[in-house]
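Accompanying notes for the structure given below.
The values are calculated or read from the model by the stated rules, or taken from the named source; none is laboratory data. As the structure is a prediction and not an experimental result, all values here were calculated from the model. Note that we place each Cβ from the backbone using ideal geometry, even for glycine, and neighbour counts take in every protein chain shown. Side chains are part of the model used for accessible areas, which takes the heavy atoms of the whole protein and leaves out ligands, DNA and RNA. Shrake-Rupley method; radii C 1.70, N 1.55, O 1.52, S 1.80 Å.
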Amino acid sequence: MKIALMDSGIGLLAATAAVRRLRPDADLVLSLDPDGMPWGPRTPEDLTGRALAVAEAAAAHHPDALIVGCNTASVHALPALRARHEPGLPVVGTVPAIKPAAAGGGPLAIWATPATTGSPYQRGLIEEFADGVPVTEVPCWGLAEAVEHADETAIAAAVAAAAALTPEDVTTVVLGCTHYELVAERIRAAVRRPGRPPVVLHGSAGAVAAQALRRVGARPAPGAPAEGGLTVLLSGREGALPAPALAYEEGRLLRAVTPAG
């Protein structure tokens with residue numbers, strides 16, 4: 001089995017690690033776009049063009065499924081990606097985990113990029129899935145970029161700024177950008193209030209990985225031999241994991257299992 005994942009940068013690491021944990025025997029193809037990143041500031045048309053090119057590079061390796069490991073790309077490019085590749089290649093998008101977060105019943109916050117915060121797309125998800133639970137949209141200025149470069153000082157500043165915008169009664173935080181899942185514990189610590197239980201965080205990586213397996217008719221097998229290979233594509237060229245990836249447990253997991261190539 002071969003699973004491909006795509007993103008402009010290392011935000012796909014969370015979903016990649018989730019796939020690796022569920023199926024250590026699966027071959028992985030990571031298709032990144034260092035020549036075109038970041039995708040967030042691009043027009044929807046431009047972003048879709050970049051995403052199609054990155055997906056095409058991954059598809060050339062004949063994967064069984066393709067995960068779009070990026071919220072922004074899923075918003076703008078998912079219809080075009082599916083039109084191009086399905087039904088032959090199942091394409092799995094990433095959507096903020098608002099529905100399971102709202103099931104907890106408490107006030108929730110959605111941490112997302114400034115471009116996504118307040119967008120019709122996110123507002124539509126809130127309307128559809130929040131089920132009347134109070135929701136605060138929190139713009140996280142610079143956090144995705146800081147995580148992408150593993151800039152510890154910038155990560156700390158961006159997390160602190162977003163935490164200051166998060167109401168004290170919030171019990172749940174939705175991580176609305178895949179990069180944020182790489183610093184989940186720092187986010188949890190930043191939003192913890194004295195005398196209150198730890199805030200529950202909801203990311204998308206686990207659900208996306210499970211959905212990819214379902215789409216290819218495979219079951220989780222975490223005890224399978226850790227023999228899965230890893231191919232990294234950088235704007236279509238074979239290469240290695242970007243150095244900042246190794247600052248995170250998810251990146252180190254990939255390096256520990258098999259060398260990049």
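Going by amide H atoms built from the backbone, whose H comes under 5 Å of the H on I67, apart from near neighbours?
Under 5 Å from the amide H of I67 lie the amide H atoms of A4, L5, M6, V92, each far enough along the sequence or on another chain.
How many Å² of accessible area per residue for the range 150-254, probe 1.4 Å? Mind showing how you got there, number by number?
Numbers: 4980 Å² over 105 residues.
Per-residue accessible area for the range 150-254 comes out at 47 Å².
State the three equivalent ellipsoid semi-axes of the range 64-154, derived from the C-alpha gyration tensor as the square roots of 5 times its eigenvalues, in descending order and whole Å.
25, 20, 11
Once the convex hull of the C-alpha atoms of the range 182-248 is built, how many Å³ does it hold per residue, rounded to a whole number?
Enclosed volume per residue, from the Cα hull, is 168 Å³.
Relative contact order (percent) for the chain, with alpha-carbon contacts under 8 angstrom and 6 or more residues of separation?
28
Rounded to whole Å, give me the distance from the Cα center of the range 163-179 to that of the range 80-94.
Cα centroid to Cα centroid, the span is 30 Å.
When the expected Rg is taken as 2.2 N^0.38 Å, what fraction or multiple of it is the alpha-carbon Rg of the range 120-261?
1.23
Report, as a whole number in µm² per second, the diffusion coefficient that Stokes-Einstein gives for the chain at 10 °C and 1.306 mPa s using the Kirkwood radius over alpha carbon pairs.
Roughly 86 µm²/s, to the nearest whole number.
First obtain the Kirkwood hydrodynamic radius of the range 154-217 from its Cα pairs, then insert it into the Stokes-Einstein equation at 25 °C and 0.890 mPa s, and state the resulting D in µm² per second as a whole number.
189
For the range 1-99, with equal point scatterers placed on the C-alpha atoms only and solvent neglected, what are the log10 I(q)/I(0) values from the Debye formula at q = 0.13, 0.17, 0.18 1/Å, to two decimals?
These q points yield log10 I(q)/I(0) values of -0.39, -0.68, -0.76.
What part of the accessible area of the chain, given as a whole %, is carbon or sulfur when the probe is 1.4 angstrom?
Roughly 56 percent, rounded to a whole number.
Which one, G217, P197, G239, projects farthest toward the positive side of the charge dipole computed for the range 142-261 from Cβ point charges (K/R +1, D/E -1)?
It is G217.
Only helical DSSP H runs with n ≥ 4 go in: add -39500 (n - 2.57) per run for the chain, normalise by residue count and round the 222 nm mean residue ellipticity to 500 deg cm²/dmol. The partial results should precede the final answer.
Details: 10 runs with 103 residues, N = 261.
Only helices count here, giving -11500 deg cm²/dmol.
Could you please report the charge total around E168, scoring K, R as +1 and D, E as -1 over all other residues with beta-carbon less than 11 angstrom from its beta-carbon?
+2
Each residue of the range 5-10 in turn: what ³J(HN,Hα) in whole Hz from Karplus with 6.51, -1.76, 1.60 and θ = phi - 60°, glycine and Pro shown as x?
9, 9, 5, 6, x, 8
Looking only at the chain, where both bridge partners belong to it, what percent of the DSSP beta bridges are antiparallel (to the nearest 5)?
Antiparallel bridges make up about 10 percent of those DSSP assigns within the chain.
Work out which helices of the chain, taken as complete DSSP H runs, extend at least 30 Å along their axis over the Cα atoms and score a mean Kyte-Doolittle of 0.0 or more, then list them.
none
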